[in-house]
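Participant: Quick one: this structure, given as structure tokens, is what I'll be asking you about.
The values are calculated or read from the model by the stated rules, or taken from the named source; none is laboratory data. Since this is a predicted model, take the numbers as computed values, not measurements. Note that we place each Cβ from the backbone using ideal geometry, even for glycine, and neighbour counts take in every protein chain shown. Side chains are part of the model used for accessible areas, which takes the heavy atoms of the whole protein and leaves out ligands, DNA and RNA. Shrake-Rupley method; radii C 1.70, N 1.55, O 1.52, S 1.80 Å.
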Amino acid sequence: MPEVNMPRLSDTMEEGTITRWLKKPGDEVKRGDILAEVETDKANMEIEAYDNGVLEQISVHEGEAAPIGQVIATIGSGAGAAAKQQPTATKQEARPEVKQEVGAGAKAAPAQATAAQTSTVSAAPAPDSETSRHNGTLKVSPLARRMAEEHSIDLASINGSGPGGRIVRDDIEDYLDQQRQATPAQPTAPAPQITATGAQPADSEVVKLTQMQKTVARRLTESKQTVPHFYVSTEIDMTAALELRQKLNAALSEEGVKISVNDMIVRAAALALEKFPEVNSSYVDSQFLRHQHINIGMAVDVPGGLLVPVLRDVNSKGLRTIARESKALIEKARAGKLVLTDFQGGTFSISNLGMMDVSDFIPVINPPEAAILAVASTRKTFVPVDGQPVLRDIMKVTVSADHRIIYGATVARFLQEVKRLLQNVYLLLS
């Protein structure tokens with residue numbers, strides 16, 4: 001009987017959350033049909049069916065998470081689904097005491113759901129908390145287990161409302177709500193205090209993280225904890241680059257192409273990486289990987305997170321091609337339509353906050369890349385030219401680099417090459 005497993009939908013994905021099932025048990029399924037939508041660490045993606053048949057069972061329900069490789073559904077001939085759809089009222093009526101298994105503080109609706117779902121899955125009595133604790137049959141979704149660990153909750157004290165008494169996220173949230181309601185109100189204080197145990201003030205709003213936000217938090221924490229960062233900055237006179245950009249966009253207006261400042265920076269960085277391949281490297285398993293392709297990731301701000309789609313072989317592409325491809329990737333990212341290949345293979349990243357009136361910032365390296373370039377706003381600044389103050393467009397840039405792979409002098413030379421290209425901007429057209 002073919003099983004549908006949680007697929008790896010991104011290179012950093014560890015688990016996915018089912019946001020919506022498009023098929024239900026008993027539905028006919030054809031190869032290529034979309035079965036479900038999944039939220040990953042990158043974006044919302046779709047799971048296709050690879051077999052023909054009937055969707056007989058859904059093992060991971062909407063709102064639940066599952067690690068890569070876990071069975072989330074089963075496709076068969078339809079016999080299994082038909083068996084599961086047999087009337088269960090007789091079994092439920094024969095065991096009215098099932099409803100009483102729900103703890104005194106639980107709501108009636110979850111209790112009824114527990115009784116119905118338990119009797120549907122098996123005619124045998126559902127394991128109670130004590131039985132589950134001793135014989136190891138406690139059923140818990142991965143997301144619920146992680147939430148329980150985060151809040152130090154004894155899972156044996158929870159009555160699951162999922163199939164077969166499985167403990168799911170809603171059960172943990174209900175338990176936490178009950179605990180908060182049972183906690184005596186604290187005396188009014190001049191200002192809310194956070195206790196040593198990490199409890200939040202009563203007026204704080206708890207915001208659940210998406211898969212994308214969890215992954216960003218995990219990867220950036222790992223980056224700062226395991227990668228020895230160092231930083232090198234310089235200032236670039238962008239006056240000539242901005243003038244050329246204006247001329248190019250006027251000439252290309254009929255083609256529908258608009259070159260951005262970021263496109264010019266991407267092109268300059270790619271050419272500089274050709275000259276300094278050490279910066280286009282990675283540190284993996286105690287060895288250096290010198291990448292043969294120059295694939296530049298662009299940090300894109302999206303609702304609820306940050307995505308880094310990748311432009312490939314940038315050193316071999318002209319400004320117009322870079323402009324078209326970067327625009328397409330940014331639009332896909334903000335529409336939540338990026339696919340796995342859009343994220344793979346990055347060798348260097350650029351984070352540009354220039355459009356947000358930022359004077360300076362220091363980015364975190366995107367492992368396993370060796371470096372990331374931060375681009376701040378271009379500002380009108382008086383600089384000395386032939387002993388006289390002249391107003392120029394000055395942009396500050398900073399490279400965060402992995403000191404295991406490259407050293408300060410190399411990064412400084414790399415930045416000087418980026419600067420040389422942008423200040424002699426016609427070199428970008430070659």
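Participant: Restricting to the stretch 44-79, give me the number of residues that are part of a strand (DSSP E or B) and either more than 22 Å from S141 (Cα to Cα) or without any contact (Cβ under 8 Å) to a residue 12 or more places away in the chain (or both).
Facilitator: Looking only at that region, the number is 4.
Participant: Name the residues in the stretch 170-186 that are modelled with pLDDT of 75 or more and not acidic (D, E), would you?
Facilitator: Answer for the stretch 170-186, where residues must be modelled with pLDDT of 75 or more and not acidic (D, E): I172, Y175, L176, Q178, Q179.
Participant: If you don't mind, there's one more thing I want to ask. Considering only the stretch 54-71, how many residues are open to solvent by 20 Å² or more (accessible area, probe 1.4 Å), touching a helix residue (DSSP H, G or I) at 6+ places or on another chain (Cβ under 8 Å) and of a type in the set (A, V, I, L, M, F, W, C)?
Facilitator: Final tally of qualifying residues: 1.
Participant: Please verify whether I259 is assigned to a strand (DSSP E or B) and modelled with pLDDT of 95 or more, treating the condition exactly as stated.
Facilitator: Spelling it out, it is not the case that I259 is assigned to a strand (DSSP E or B) and modelled with pLDDT of 95 or more.
Participant: Taking the stretch 207-224 as the search range and keeping residues that are open to solvent by 50 Å² or more (accessible area, probe 1.4 Å) and among the polar types (S, T, N, Q), which one is farthest from T40 (Cα to Cα)?
Facilitator: T221
Participant: Would you pick out the residues in the stretch 164-175 that are in a helix (DSSP H, G or I) and either open to solvent by 30 Å² or more (accessible area, probe 1.4 Å) or among the acidic types (D, E) (or both)?
Facilitator: R169, D170, D171, E173, D174, Y175
Participant: Looking at the stretch 245-253, can you tell me whether even one residue there is in contact (Cβ under 8 Å) with a residue 60 or more places away in the chain and open to solvent by 70 Å² or more (accessible area, probe 1.4 Å)?
Facilitator: No, the stretch 245-253 has no match at all.
Participant: Within the stretch 387-406, is even one residue part of a strand (DSSP E or B), of a type in the set (S, T, N, Q) and in contact with a helix residue (DSSP H, G or I) (Cβ under 8 Å, 6 or more places away or on another chain)? Give the derivation first.
Facilitator: Narrowing the stretch 387-406 to residues part of a strand (DSSP E or B): 388-402.
Next cut, of a type in the set (S, T, N, Q) only: 388, 398, 400.
Among the residues that remain, those that are also in contact with a helix residue (DSSP H, G or I) (Cβ under 8 Å, 6 or more places away or on another chain) are: none.
No, that holds for no residue.
Participant: Kindly list, by first and then second residue, each pair from a residue in the stretch 400-421 that is open to solvent by 30 Å² or more (accessible area, probe 1.4 Å) to a residue that is in a helix (DSSP H, G or I) and of a type outside the set (K, R), limited to pairs with Cβ atoms under 8 Å and residues at least 6 apart or on different chains.
Facilitator: R420/L427
Participant: Inspect all residues belonging to the stretch 370-381 and state whether any of them is assigned to a strand (DSSP E or B), modelled with pLDDT of 95 or more and loosely packed, with under 13 Cβ neighbours inside 10 Å. Steps first, answer last, please.
Facilitator: Restricting attention to the stretch 370-381, the residues satisfying the condition of being assigned to a strand (DSSP E or B) are 371-381.
Within this subset, residues satisfying the condition of being modelled with pLDDT of 95 or more are 371-381.
Next, only the ones that are loosely packed, with under 13 Cβ neighbours inside 10 Å stay: 380.
Among the residues of the stretch 370-381, at least one is assigned to a strand (DSSP E or B), modelled with pLDDT of 95 or more and loosely packed, with under 13 Cβ neighbours inside 10 Å, which makes the answer yes.
Participant: Right, another one. Taking the options S351, S359, S326, name whichever one is polar (S, T, N, Q) and closer than 18 Å to G305 by Cβ. Don't jump to the end; show me each part of the working.
Facilitator: Numbers: S359 fails: closer than 18 Å to G305 by Cβ; S326 fails: closer than 18 Å to G305 by Cβ.
Only one candidate qualifies: S351.
Participant: Against the conditions (1) exposed (fewer than 13 other Cβ atoms within 10 Å of the Cβ); (2) more than 20 Å from M264 (Cβ to Cβ), where does E331 fall short? Just the number, please.
Facilitator: Of the numbered conditions (1) exposed (fewer than 13 other Cβ atoms within 10 Å of the Cβ); (2) more than 20 Å from M264 (Cβ to Cβ), the odd one out for E331 is (2).
Participant: Would you check which residues across the stretch 280-297 are of a type in the set (V, I, T), buried (at least 21 other Cβ atoms within 10 Å of the Cβ) and either over 24 Å from the mean Cα position of the chain (by Cα) or part of a strand (DSSP E or B) (or both) and list them?
Facilitator: Across the stretch 280-297, the qualifying residue is only I296.
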